[in-house]
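The numbers here are math on the coordinates, done by the rules we state, and not lab data. On a predicted model such as this, the values are computed, not experimentally measured, just so you know. So basically every Cβ, Gly included, is an ideal-geometry build from the backbone, and we count neighbours across all protein chains shown.
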Amino acid sequence: MDLHFVRRGTGRPLLLVHGIGGSWRSWNTIIDALAAERDVIAVDLPGHGETPKMTGENSIATLADAVTSFLTQHDLLGIDAVGSSMGARLVLELARRGGVLGAVVSLDPGGFWQGWQIPFFYHSVDLSVKLVKALQPVMPALAGSAVGRTVLLPQFSARPWAVDSQQAIDEMYTFAHSPAFDELLDQLAHGEVQQPATKGSIPGPLVIGWGRQDRVCLPSQSTLALAKFPDARLYWFEHCGHFPQWDQPAEATRLILAATSRQPFTDESIALSKSAVAAPTLPKAAVVAAALALLAGGLWLLSSRGKRGR
């Protein structure tokens with residue numbers, strides 16, 4: 001199937017693959033910086049953004065087939081690629097298959113949870129999305145304020161109040177309106193586990209980036225990711241949650257451009273230009289009050305909808 005996509009910039013092509021519930025707009029914080037040096041192609045995966053949902057099963061395997069078909073159709077096989085969250089696992093799977101991608105950067109990939117981490121991932125994200133759906137009538141106002149973002153996004157960002165307001169509004173909208181979300185969430189948690197790639201089987205550069213404060217894909221899961229992808233190099237984003245492109249956009253851009261340039265680089269050179277200016281903090285009382293109000297309102301909305309559905 002064809003995928004909706006946007007294309008910006010010139011140079012060697014670079015594919016951007018968003019996470020569950022996202023769209024090409026998930027990359028808005030870094031797409032222009034990447035397009036200054038690369039021909040950037042950001043897709044909407046099936047059931048996301050402007051790409052319709054696939055008929056039949058929606059899973060990592062079928063998404064990988066859809067992306068491979070898209071790249072074949074547009075003569076882009078061998079393209080360098082960056083994935084985020086579910087998209088990060090997707091580019092790892094495509095790298096494992098061979099012959100599809102070139103250099104790969106995988107940012108906080110899902111699918112490497114074990115034991116209690118599986119229900120933790122599934123139920124925490126499921127509850128978050130149910131709340132996001134219930135709060136859609138007031139979501140622009142909530143996501144547009146620093147206090148609202150602090151309450152809405154702590155699972156996804158180490159500094160949720162500092163996330164770009166339009167980015168938060170766009171993401172909360174697509175989370176609530178993806179027709180494939182529920183099925184993909186179940187597949188990620190309970191579907192086929194990620195198959196490993198034997199050492200030496202991935203010839204191109206492969207970097208896995210992970211936020212130290214990731215509360216969706218816990219940092220300890222990087223151990224299993226590296227065990228399954230021993231050719232990968234691990235890079236840690238400090239002061240960063242699940243989305244490095246949100247919390248450390250300049251650093252994420254440097255890592256992507258360095259890794260896909262196929263030139264040697266050090267972790268210190270990627271982290272070198274971090275801003276020394278901390279984002280403004282919010283009064284704890286305001287955050288707690290807003291959190292309680294949001295939770296109460298969300299529970300009331302969920303309860304009201306449940307009663308209407310009876």
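Data overview
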quantity: Under-5 Å amide H pairs with ASP80, H placed in peptide plane, nonlocal only; calculated: LEU15, GLY102, ALA103
quantity: Extension gain (nm, one decimal) between ALA36 and THR68, 0.36 nm per residue minus Cα-Cα; calculated: 8.9 nm
quantity: Eligible aspartates and glutamates near LYS228 by straight Cα distance, threshold 12 Å, same-chain separation 8 or greater; calculated: GLU93
quantity: Mean projected area (nm²) of the alpha-carbon convex hull when the chain is viewed from all directions; calculated: 16.0
quantity: Set of aspartates and glutamates near LYS199 by C-alpha distance (under 14 Å), chain-local residues within fewer than 8 positions excluded; calculated: ASP231
quantity: Integer Hz, Karplus 6.51/-1.76/1.60 couplings in order for the range 216-231, x for Gly and Pro; calculated: 9, 10, 4, x, 5, 6, 4, 4, 5, 4, 6, 5, 7, 10, x, 7
quantity: Residue of ARG254, ARG262, ARG96 that the Gaussian network model of the chain assigns the largest fluctuation, springs spanning Cα pairs under 10 Å; calculated: ARG262
quantity: Label-point separation, THR223 to GLU268 (7 Å along Cα→Cβ), nm; calculated: 2.9
quantity: FRET efficiency for GLN114 and THR10, using Cβ-Cβ distance with R0 set to 35 Å, rounded to 0.05; calculated: 0.20
quantity: Helical segments meeting 24 Å axial Cα length and Kyte-Doolittle 0.0 threshold in the chain (DSSP H); calculated: 117-134, 284-308
quantity: The chain: relative contact order as a whole-number percent, Cα under 8 Å and 6+ apart; calculated: 19
quantity: Gained length - ASP126 relative to THR198, 0.36 nm times residue gap less alpha-carbon distance; calculated: 22.6 nm
quantity: Selected from LEU218, LEU142, LEU127 as most flexible by GNM, with the chain as the system and alpha-carbon contacts under 10 Å; calculated: LEU127
quantity: Separation of the LEU234 and HIS177 label points, Cα + 7 Å toward Cβ, nm; calculated: 3.9
